[in-house]
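Reading through the structure tokens given below for one structure.
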Amino acid sequence: MADSDNIKKSALRAFKLFLEENPCGLWDDLKEETLCTKTIWDEFAAYLSDTYVIPKGCVGAGTGSRLAPNTATQYLSQMMHRASEKFKAKGSAEIQLFFTCLEYKANTDFSKWFFKLKMGLKRVLFNCQVEAGEILDKRATPLYLSHMRKIVRAYCLEGSPESALRKFVLLSLFLVAGRTGEIATVTIAGLKWDQNFT
């Protein structure tokens, strides 16, 4: 719950900073004509990707750095949810249609637009992290064929029947299965920068 509360507060703080740079009023004063159109959300996404840096006094990642891609999309979604809470219940049919953007399986133009907006934001910030040389993936380095060759060579040098069996099993499994989760690594939503291919 604490993480959710932190995201809510941080998203609102980011949106308020966005409003200071794009004078269209305070959050509480914004009307549905502003918050229920694509324009302000496109501009907010651009602000998060191009301008926003973590302000001083914030807990977590370094002050003055850009948001992580997933955090930025959470900010965008959180503020869209706030707008929905503000206008959806009493809104017209057009407003109801606009907020289908929050429904993942809605298959409306607004839903498709918001999904593309979030993926575009994620892609831009991901590319910024790659260009800055940040370590993006904290998992263990995957085993590649070059690693397997060294392991197999070590088993060959050991020379026992058990090492021959282990060598055969490891190499066979690697050649048959490849890296685990290979399909997940080629989808745009699951894409991570692989340090072994720099």
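The values are calculated or read from the model by the stated rules, or taken from the named source; none is laboratory data. Remember, it's a predicted structure, so these values are computed and weren't measured experimentally. Cβ placement follows ideal geometry from the backbone for every residue including glycine, while neighbour counts extend to all protein chains displayed.
Figures for the structure shown
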quantity	calculated
Unique match (being farther than 25 Å from Tyr47 by Cβ, surrounded by fewer than 13 Cβ atoms within 10 Å (Cβ to Cβ) and at pLDDT below 90) among Leu175, Leu143, Leu157, Leu170	Leu175
Filtered residues of the range 1-29 (kept if free of Cβ contacts under 8 Å to residues at least 40 places away in the same chain and aliphatic (A, V, I, L, M))	Met1, Ala2, Leu17, Leu19, Leu26
Number of the exception - Met119 against (1) of a type in the set (A, V, I, L, M, F, W, C); (2) touching a Cys at 6+ places or on another chain (Cβ under 9 Å); (3) surrounded by fewer than 17 Cβ atoms within 10 Å (Cβ to Cβ)	(2)
Qualifying residue in the range 94-117 (condition: in a loop (DSSP other than H, G, I, E, B), acidic (Asp, Glu), within 26 Å of the chain's Cα centre (by Cα) and modelled with pLDDT of 85 or more)	yes
Contacts under 7 angstrom Cβ, first residue in the range 95-106 being of a type in the set (S, T, N, Q), partner at pLDDT below 85 and surrounded by 14 or more Cβ atoms within 10 Å (Cβ to Cβ), 6 or more apart	Gln96/Lys88; Thr100/Ala106
Hey, Glu94 touching a Ser or Thr at 6+ places or on another chain (Cβ under 9 Å) and either surrounded by fewer than 18 Cβ atoms within 10 Å (Cβ to Cβ) or not β-branched (Val, Ile, Thr) (or both) or not	no
